[in-house]
Structure formats: C-alpha cells, structure tokens
Amino acid sequence: MKNSYSQNLFFEGDENSKNKNEIVAQIGAIKITAEEFIYSYEFGPAFPKRKDDSKRTHLNYMINEKLLAWDGYEKGLMEKEFAKGIYSDIESDLITEELFKKEILPKVDINESEIEKVIDKKLSEYEIRWLYASDSELLQNYLQQLKNGISFDALFNAQISDSVFIDDREMKSSLYNLYIKNPIFAQIVDTLSAGDISAPIHSDDGWYIIKIENIWKNIITSESEFNKLKSESINAITKSKMDILSDQYVKGLFESENPTIKRDVFNVLRSYTGKFSLSSEKYSEWELDKKLDNALTNLGLKRGEKYTGLTLVTSESSNISLDEFIIWFRNREQHIKLSKNSFIDFSKSLENLVWLMIRDKLLTAKAYQAGYDESDWVERQAGWWRDKISYSVYRNELANSVTLNYEEINQVDDKKSRTEILNEELSKKIFYRLNDLKKKYKIKINEEVLRGIKVSAENDRKAIDTYIVKRGNLIPRPAYPSIDSDWVNWE
C-alpha cells in the first residue's frame with residue numbers, strides 16, 4: 001500500500017479537523033486558530049496541563065507572548081540581523097520539509113508484509129545476557145571453558161563484581177528497540193532461539209558472547225492497541241525508507257551541482273573559528289596564526305584588511321561566501337561540537353560542517369525554486385515562528401536591560417541571589433508591559449471553540465514534560481513553537 005500519513009498530526013479523523021481554522025482568540029490583529037493552539041499545547045511544557053483549567057491557562061500565556069510579539073514588531077525587532085537570520089533558517093527548514101513531503105514521501109511504498117514484520121518485532125520481547133571480553137585472549141579463555149562444559153551461567157556470575165553489576169550484563173527489550181539501538185546486534189539476536197548462545201561478536205570495545213534467556217510475545221488486547229502498533233510501524237518504516245530516498249536525493253543534488261570548497265578561504269575560516277573555540281595554547285601549538293597569514297597571502301590579502309565577500313564554496317549554479325557560513329554557524333552554535341583532539345580532527349570536523357551547510361543551501365534553493373515557500377502549511381507555520389521569534393527577541397531585550405541595571409538593583413536588596421533578583425525584575429518589567437498592552441489591544445476569547453478542542457492531557461496533575469526536537473532538518477529546533485517554560489514562575 002502507499003503510505004500517506006499527514007504531517008498534521010492532530011487533525012486526522014477527529015473533531016479537531018472540523019474546527020482547526022476556527023479562531024480561539026484574537027489579540028488586536030493577531031489571531032490564534034484552534035490548529036495553532038493544539039500544536040502549541042501538545043508540544044508545550046507540562047505545567048499548564050496540570051492545572052484545573054489547562055487549556056485556558058495555556059491560552060493565557062499564548063496571549064501574553066502574542067502581545068509581546070506584536071510590541072516587538074512595532075519596535076522593529078524583526079529587522080535586526082539576528083532575528084532575520086533565525087527566521088530565515090526556520091523558514092528554509094519548513095520549505096525543505098515540504099519538499100521532502102511532496103517529492104520523496106510519495107515514493108515510499110509500504111506493503112502489509114513489512115508492517116506485520118515490524119509489529120511482530122514490537123511484540124517480541126527478549127531477555128538477554130552476555131559475557132564481555134576486552135581482548136581476544138580473554139575471549140579464547142571463555143570459549144575454551146564453554147567447550148569444556150562450564151555453563152554460561154557460571155561464567156556470567158563470575159563476571160559480576162562490586163564494579164560490574166548484573167544490569168551491565170543483561171537486558172530486556174523488544175526486538176524492535178534492539179534494531180533501533182543496534183541493528184547489527186539485533187540481526188544476530190533475530191537468528192537465535194531461547195537458550196541459544198551466539199558465536200563471538202566483535203565491537204570497537206571488545207568481544208561479546210550473548211545468550212537468549214527467554215523470548216515471549218506480548219498479546220494485543222484491543223483493536224485500539226493494534227491500530228496504535230500499526231500506525232507506529234508504518235511511521236517507522238516510512239522514516240527508514242525516507243532516510244534512504246533522502247540520501248539519494250541529496251547525492252543527486254551534489255552530483256549535479258559539483259560543489260567545491262576553496263582551500264585558502266577554508267584555512268582563513270579555520271583560523272577564525274579556532275580563535276574563539278580553542279584554548280590559546282592549542283591555537284598557538286597548531287600555528288593557526290601562521291596558517292592564516294599563508295592563506296591570506298595566497299588570496300592577495302594581509303592581516304588586518306577587510307576580507308568580506310570571500311567565496312568559500314563554488315558550485316555549478318551558485319557560490320557561497322565565507323560570511324554566509326559564519327552566519328549559518330552562529331545560528332547553530334549551541335548545537336555544534338567541533339572536535340579538538342588534534343589539529344587534523346579539528347580541521348575535519350569543521351570541513352564536515354561546511355559540507356553540511358552546502359547540503360542545507362542546495363536543498364533550500366531547490367525548495368524555493370519549486371515554490372514550496374508558497375505552501376499554505378509552510379506559511380501558517382512560518383507565521384507562528386515569526387511571532388515566537390519576535391516575542392523571544394523582545395524578551396531578551398528586556399532581560400538585557402535588567403542585567404545592565406543589576407548593580408543599581410543590588411544596592412537596594414543584597415539578601416537575594418543575582419539570579420533571583422534578575423528574574424524578579426524581569427517578571428516585573430514583563431508584567432507592567434503586558435498590563436499596558438492589554439489596555440491598548442482588545443482581547444477576545446471564543447470560549448466555545450476552546451471547550452471543543454480535544455487534547456491528549458487535560459487537568460492532569462501527573463503530566464510530564466517531553467521535549468521533541470526535529471534534528472534531521474537544517475536547524476535543530478522544537479517541532480512546533482510553544483510557550484516558554486519560564487511562565488511557570490507566574491503561577
């Protein structure tokens with residue numbers, strides 16, 4: 001069968017789908033639809049879900065953020081380079097998602113046999129124990145003892161000590177989860193029956209001999225449970241096949257564009273990056289100043305001169321400048337780890353980032369060329385994110401203004417910690433500003449629409465926080481924008 005699951009997770013075959021375009025709240029010219037509310041609520045923090053009036057609590061904080069977002073627009077904060085850069089990256093991410101959904105997802109073909117196999121793996125539970133040998137000599141010793149009739153359990157118990165716990169040598173898991181965590185290991189387990197002992201398995205850290213203690217099948221007790229398993233299986237197969245097709249798609253882009261990294265400009269980048277990411281000792285030891293001078297000389301430049309506009313990457317249809325990479329890097333800096341073990345590792349990890357940026361740029365250009373930026377779903381999400389970014393930039397400006405006045409505040413109250421003082425002062429600033437904005441803009445809530453919205457957890461004192469990040473895209477980010485967790489301090 002052809003898989004056609006929707007990206008719109010909460011609007012398939014239920015009441016929400018009928019009302020997703022209804023306005024649940026309006027703040028001046030800003031409208032919050034039921035669709036936006038549901039994504040914000042479901043992917044948001046748990047503290048509103050624990051309240052007696054969960055949906056209204058969450059909506060109130062959404063309204064607060066929308067008010068501050070609107071104030072941010074009026075102050076021109078979205079014209080700042082940082083804000084424009086983050087918004088551009090997220091918009092690019094959204095249209096690239098749309099490209100994958102429209103051009104790759106339809107090519108994913110799943111049959112019932114594949115679904116049944118995954119369901120079977122999800123229902124198959126394994127109890128596994130293993131012996132570990134750090135080197136081949138110890139491995140041979142274990143094999144000889146097993147051959148001489150020493151039981152696996154005796155060798156297993158001998159490995160348990162004050163520093164090695166039973167949990168370090170055994171596990172219970174579904175076969176499906178084994179495939180997710182360690183496909184090679186799972187393939188071997190899949191060939192064994194209860195009571196079987198495997199041949200030695202080699203890995204980077206040594207050797208393993210595993211024994212299947214027990215295998216059992218969970219029983220499906222209801223139609224809803226089966227449907228859930230089937231849906232999870234379809235999604236898992238779809239993701240796996242999409243990953244393969246996506247890699248092929250990207251490979252085709254690289255082959256047609258033939259991108260090339262300009263070595264001297266890369267060396268300038270490497271020294272620039274090393275200056276703020278390495279210790280002064282490593283920077284000096286790796287002679288990055290000397291390498292910078294050599295690269296600049298080859299480019300006809302000197303230290304101290306402005307060298308903006310240098311071309312870092314050339315390709316068949318476009319070039320990418322050094323400045324573009326630096327902006328790309330800064331927007332992702334908190335998610336990036338450069339290897340600092342050696343000069344070679346540092347250089348390779350930085351070069352891998354350049355190739356990752358090239359991938360991003362090629363995909364984005366292809367998506368814009370195909371017009372996916374005009375998709376209704378992309379435009380709606382982009383609007384939500386634009387509001388969130390405007391709010392976040394404005395909140396940061398308020399926080400910075402509080403920080404600047406910290407010494408003055410501290411003279412008034414020296415009994416509290418710096419963090420407590422800053423948080424209290426920021427809350428005051430936000431509170432007073434919200435009061436002014438609520439007088440300026442009319443707020444209208446449609447209680448009937450709000451009551452009709454179905455959510456997964458409501459008035460649930462045991463609700464827990466989950467944080468879902470989209471990592472496979474151009475920029476790691478929450479799946480959908482939602483309210484800040486910091487609002488919990490207002491409760």
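The values are calculated or read from the model by the stated rules, or taken from the named source; none is laboratory data. Remember, it's a predicted structure, so these values are computed and weren't measured experimentally. Here the Cβ positions follow ideal geometry from the backbone for every residue, glycine too, while neighbour counts run over all protein chains shown. With ligands, DNA and RNA removed, areas are computed over all heavy atoms of the protein, side chains included. Shrake-Rupley method; radii C 1.70, N 1.55, O 1.52, S 1.80 Å.
Brief remarks on what is shown
- Net charge in the neighbourhood of E255 (other residues with Cβ under 15 Å of its Cβ; Lys, Arg +1, Asp, Glu -1) is 0.
- Average Cα contact separation per residue, region 114-261, under 8 Å, 6 or more apart, as relative contact order %: 35
- Region 233-267 and region 78-121: distance between their alpha carbon centers, rounded to Å: 13
- At full extension, A158 and K181 could sit 5.5 nm farther apart than now, given 0.36 nm per residue minus the alpha carbon distance.
- Here's the picture: a label point sits 7 Å out from the Cα of K438 along the beta-carbon direction, and within region 476-491 the residues with their amide nitrogen under 14 Å of it are 490-491.
- Computed from label points 7 Å out along Cα-Cβ, the spacing between I188 and L253 is 3.7 nm.
- Placing unit charges on the Cβ atoms of the charged side chains and taking the dipole of region 28-183 about its Cα centre, the candidate lying farthest along the positive direction among S151, L99, F82 is F82.
- Read-out Kirkwood radius over Cα pairs in Å, derived from the coordinates shown; its label in (i) 27.6; (ii) 24.2; (iii) 23.5: (i)
- Carbon + sulfur, % of accessible area of the chain - ligands and nucleic acids excluded, 1.4 Å: 49
- For the chain, the solvent-accessible area works out to 55 Å² per residue, with a probe of 1.4 Å and every protein chain left in place.
- Ranking by accessible area, most exposed first, for L353, L131 with a 1.4 Å probe: L353, L131
- Taking each DSSP H run with n ≥ 4 as -39500 (n - 2.57) and averaging over every residue of the chain yields -17500 deg cm²/dmol at 222 nm.
- Axial C-alpha extent at least 24 Å, average Kyte-Doolittle at least -1.0 - helices from the chain (DSSP): 54-74, 81-99, 223-257, 343-369, 376-404
- On full extension, the segment bounded by D289 and K306 gains 4.5 nm, given 0.36 nm per residue less the C-alpha separation.
- Inter-part distance where region 124-142 and region 364-386 are each reduced to a Cα centre, Å: 51
- Placed amide H near E213: partners under 5 Å, 5+ positions off or other chain: E127, I128, R129, G195
- Modelled FRET efficiency - R0 45 Å, I326 with S174, Cβ distances, 0.05 increments: 0.50
- Relative contact order (percent, whole number), the chain, Cα cutoff 8 Å, 6+ residue spacing: 32
- Over 26 Å between alpha carbons, listed pairs K102/K230; K117/K462; K230/K388; K181/K211; K337/K361: K117/K462; K230/K388
- For the residues T260, T308, a 1.4 Å probe over the protein chains yields an accessible-area ranking, largest first, of T308, T260.
- Extension gain, T297 to S279, is 4.0 nm, computed as 0.36 nm per intervening residue step minus the present C-alpha separation.
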